[in-house]
1. Just name the residue that is farthest from the ligand (Cβ to nearest atom) out of those in the range 413-443 that are touching a strand residue (DSSP E or B) at 6+ places or on another chain (Cβ under 9 Å) and part of a loop (DSSP other than H, G, I, E, B).
2. Suppose we filter the range 312-333 for residues that are crowded, with 20+ Cβ neighbours inside 10 Å and within 30 Å of THR191 (Cβ to Cβ); how many remain?
3. List, please: which pairs have Cβ atoms under 6 Å, are six or more places apart or on different chains, and start with a residue in the range 253-273 that is in contact (Cβ under 8 Å) with a residue 60 or more places away in the chain and end with one that is among the hydroxyl-bearing types (Ser, Thr, Tyr) and part of a helix (DSSP H, G or I)?
4. Give me the pairs, please: first residue somewhere in the range 341-358 and more than 17 Å from LYS300 (Cβ to Cβ) and in contact (Cβ under 8 Å) with a residue 24 or more places away in the chain, second residue anywhere and crowded, with 20+ Cβ neighbours inside 10 Å and of a type in the set (S, T, N, Q), beta-carbon distance under 6 Å, and either six or more positions apart or on two chains.
5. Of the residues ALA372, ALA377, which is touching a residue at least 40 places away in the same chain (Cβ under 8 Å) and either in a helix (DSSP H, G or I) or away from the ligand (no atom under 13 Å from the Cβ) (or both)?
6. Given the conditions (1) outside any helix (DSSP H, G or I); (2) buried (at least 21 other Cβ atoms within 10 Å of the Cβ), and given that PHE174 satisfies all but one, which numbered condition is not satisfied?
7. With respect to ARG120, is the statement that it is charged (D, E, K, R) and either closer than 18 Å to PHE413 by Cα or without any contact (Cβ under 8 Å) to a residue 12 or more places away in the chain (or both) true?
Amino acid sequence: MTRPIPDIAGLSRRAVIAGSVGLAATALSPAPALAATSKPLPKGFWWGTATAAHQIEGNNSNSDFWLAENVKPTLFQEPSLDACDSYHRYEEDIILAAKLGFNAHRFGIEWARIEPEPGRFSEAELDHYLRVMEACHAHGLAPVVTFSHWTVPRWFAAMGGFEHADSPALFARFAERATAKLGPLMAAASTFNEANIARVIQIRPEVKAIEPLVRAMLAACAKAGGTDRFASVLFADLAKSEDNQVRAHELAFEAIKAGPGNFPVGVTISMQDIQGVGDGNKAEAVADAIYGPWIAQAAKADFVGVQTYTRVRVDANGIMPAPKGAELTAAGYEFYPEALEATIRFAAKRTGKPVFVTENGIGTDDDSRRIAYIDRALAGVRACIDDGIDVRGYLHWSLLDNFEWVFGYKQRFGLVAVDRRTFKRTPKQSALHLGARARANRV
Ligand code: BGC
């Protein structure tokens, strides 16, 4: 089956009628006018939101995270359970995103569902993701697919995850099987979400304190599964797993590129604006530690996915706390939207590849701060494009208030609120704000 990728440029300016799915019932002010100084972005620029399977689908019970959320002891403040029930409500989400004015939609396909037992693939689950992608196309959204957003099947974690020598071939086999069915509908894809995430976590000074709990949680997972090991992407032992994960990316990249389908394939990287402070600062060393082999990998791919939330200041002693009096987001880090511009410049320079902003956002209960964050981040995108940097899209994290991993549902990154009992979606003012810019393709 081959299907043409939609003409994104044309779609972004198609008439969008606010008034049904989710928009009519909200008591929001009309979408704000664009600044008089706004200018068009390149034709075909992708505007949208990013999501992840485990964080929105619900009942991802064959995944390693589900087990970790439900053992004792656990680091998770609460389990994911139904999440946003997007496994069933995906079409509602897609229609809502389209009505807001977006033309691209990033989401994950869940390996734990698609390959529930080693070598046994579920055609029904692949069909599910086919329907998700068909809905994207039907509503004018380019499907941007993540093959692995941290979760893996339980059986894979129980054999040691990416610590196991067979892991590259196993991940590539999954990528090949999924591409065989879904490739023709993909508009872009990444192998791993934030391939460097374990590095980002391990460099934080505060992580030492939770290490014993993490070890106990992983031991409890192994015991529950009747195995002697249980490895998670988030809490990986990089000495054992990173080379395999790099190889897994390389093999999966080849498998996806082999088709069917013809679309850009990249890898997304967790990026901070790493700012050196004072003489002898260790900014370079921190950058090396945070990115490891992944900048070089992105340089060999079709694009680099930039995912940025804040900055990190580094002096001669290492990572510094946020400046005194700085505004902190609900996630505890500094409100610093300018980090996006710096990381786009860094990523473009170091990889020489087109940049997609595959995540950028803020956890907050004060939606006016989300709007301020968006405006300042987009000003950075604009400045990069004005300087000739090839930025292809801006995908905001996230469409919905969702399951924020170990923090549960208390950190809210969504443009759209979700009632935890009824699953009703209610767009926030920020959704209209970003949607208006998307529809006009101007910043
Ligand atoms: C991850 C998302 C997460 C977001 C906000 C990113 O690092 O890719 O899954 O929800 O940050 O914390």
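The values are calculated or read from the model by the stated rules, or taken from the named source; none is laboratory data. Since we're looking at a predicted model, the values are computed, not measured. Positions of Cβ are generated from backbone atoms using ideal geometry, with glycine treated the same way; all protein chains shown enter the neighbour counts.
1. ASN441
2. Number of matching residues: 3.
3. Final answer for the pair search is ILE256/THR179; MET271/THR343; ASP273/THR343.
4. Correct list of pairs: THR343/THR308; THR358/THR268; THR358/GLN307.
5. None of the others qualify; the one that does is ALA377.
6. (1)
7. Yes; evaluated as a whole, the condition is true for this residue.
Conditions tested, residue by residue: (1) assigned to a strand (DSSP E or B); (2) of a type in the set (S, T, N, Q); (3) touching a Phe, Trp or Tyr at 6+ places or on another chain (Cβ under 9 Å).
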| residue | (1), (2), (3) |
| --- | --- |
| GLN245 | no, yes, yes |
| LEU251 | no, no, yes |
| GLU254 | no, no, no |
| PHE263 | no, no, no |
| ALA285 | no, no, no |
| VAL304 | yes, no, yes |
